[in-house]
Amino acid sequence: MIRAIDLTKRFEDNTAVDHLTLTVYPGEILGFLGPNGAGKSTTVKMLTGLLQPTEGAAEIAGFDIQRDPMEVKRRIGYIPESGAMYETLTPSEYLDFVASLYHLDPEAAETRFNDLLELFDMLQAKDQRMAEFSKGMKQKVLIASALIHRPEVLFLDEPLNGLDANAAMVVKELLKRLAAQGKTIFFSSHILEVVERVCTRIVIIDKGQQIISGTAKSIVEDTDSASLEDAFSRITGLRDTEELTTDFLAALDRV
């Protein structure tokens, strides 16, 4: 479970996250949406212990993120938007290193990371240096590293970045299966179509504050919108896209 109460983060005069309160239950896939600069990544970094909150509190799997940071880290898997990796290592070496951080039995860890690499069609590349990999291949290894210790809670910040269509389908199906096993999943993304298909509930934030929460269907109905994309635009204050592009093209013609 994830529970945040009045979670706040300020950077000097800028309030990135403003008294955010939410709960994500086991078996849920929460879609966390917002425009650029809304506070999504800052929220994820606070919940995973990478940033200290200015105010408020949060618990992950029953442990306070500030009082018990190591217990929290033992129970989470985190796929960041742009994760740094030791690219001189091979996937086998990197995943073995990650497994050792979680004190996994070496034999069990090897079986797990081979299974994960096979899931993403990467087994044949497990002994190649990751410096030679494409962005998508590195992302697959990053996802595997977040899952190797079988976390109770999974945080994903734009997890499909760089993945091809087949790999993205594997990830989406995997998330559904993990949720069915009772895992708690926090999914932050800009890709509304994916969020709508995968997530059981959605929270939209803007300027660090929660604006609306519910299923995709209820958000569309509550905002009298035609689609989640339309609802998102209305909620976050974006002008009608047709009007916006028409004005832009007209301005170009005047130059």
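Output yes when any residue across segment 31-46 is among the aromatic types (Phe, Trp, Tyr) and closer than 30 Å to ILE219 by Cβ, and no when none is. So far as segment 31-46 goes, yes, one or more of its residues are among the aromatic types (Phe, Trp, Tyr) and closer than 30 Å to ILE219 by Cβ. Only one of the listed residues (ILE212, ILE219, ILE202) is assigned to a helix (DSSP H, G or I) and either charged (D, E, K, R) or within 20 Å of VAL24 (Cβ to Cβ) (or both). That residue is ILE219. Among the residues of segment 73-101, how many are of a type in the set (Phe, Trp, Tyr), loosely packed, with under 14 Cβ neighbours inside 10 Å and outside any helix (DSSP H, G or I)? Going through segment 73-101 one residue at a time, the tally reaches 1. Look through segment 116-130, keep the residues that are in a helix (DSSP H, G or I) and in contact (Cβ under 8 Å) with a residue 24 or more places away in the chain, and return whichever of them is surrounded by the most Cβ atoms within 10 Å (Cβ to Cβ). The residue in question is LEU116. Given the condition surrounded by fewer than 18 Cβ atoms within 10 Å (Cβ to Cβ) and part of a helix (DSSP H, G or I), answer yes or no: does some residue in segment 62-70 qualify? Looking through segment 62-70, at least one residue is surrounded by fewer than 18 Cβ atoms within 10 Å (Cβ to Cβ) and part of a helix (DSSP H, G or I). Summed over segment 174-199, the residues that are part of a helix (DSSP H, G or I) and not charged (D, E, K, R) give a count of 9.
Any residue at all in segment 31-50 that's touching a helix residue (DSSP H, G or I) at 6+ places or on another chain (Cβ under 9 Å) and in a helix (DSSP H, G or I)? So far as segment 31-50 goes, yes, one or more of its residues are touching a helix residue (DSSP H, G or I) at 6+ places or on another chain (Cβ under 9 Å) and in a helix (DSSP H, G or I).
Filtered by the rule that a residue be farther than 22 Å from LYS172 by Cα and either surrounded by fewer than 16 Cβ atoms within 10 Å (Cβ to Cβ) or modelled with pLDDT of 95 or more (or both), segment 102-115 gives TYR102, HIS103, ASP105, PRO106, GLU107, ALA108, GLU110, THR111.
Report the residue count in segment 1-30 for those that are among the aromatic types (Phe, Trp, Tyr) and not in a strand (DSSP E or B).
Taking segment 1-30 and keeping what is among the aromatic types (Phe, Trp, Tyr), we get 11, 25.
Still in the list and also not in a strand (DSSP E or B): 25.
Residues in segment 1-30 being among the aromatic types (Phe, Trp, Tyr) and not in a strand (DSSP E or B): 1 in total.
The values are calculated or read from the model by the stated rules, or taken from the named source; none is laboratory data. This is a predicted model, so every value here is computed, not measured. FYI the Cβ positions are ideal-geometry reconstructions off the backbone, even for glycines, and counts take in every protein chain you see.
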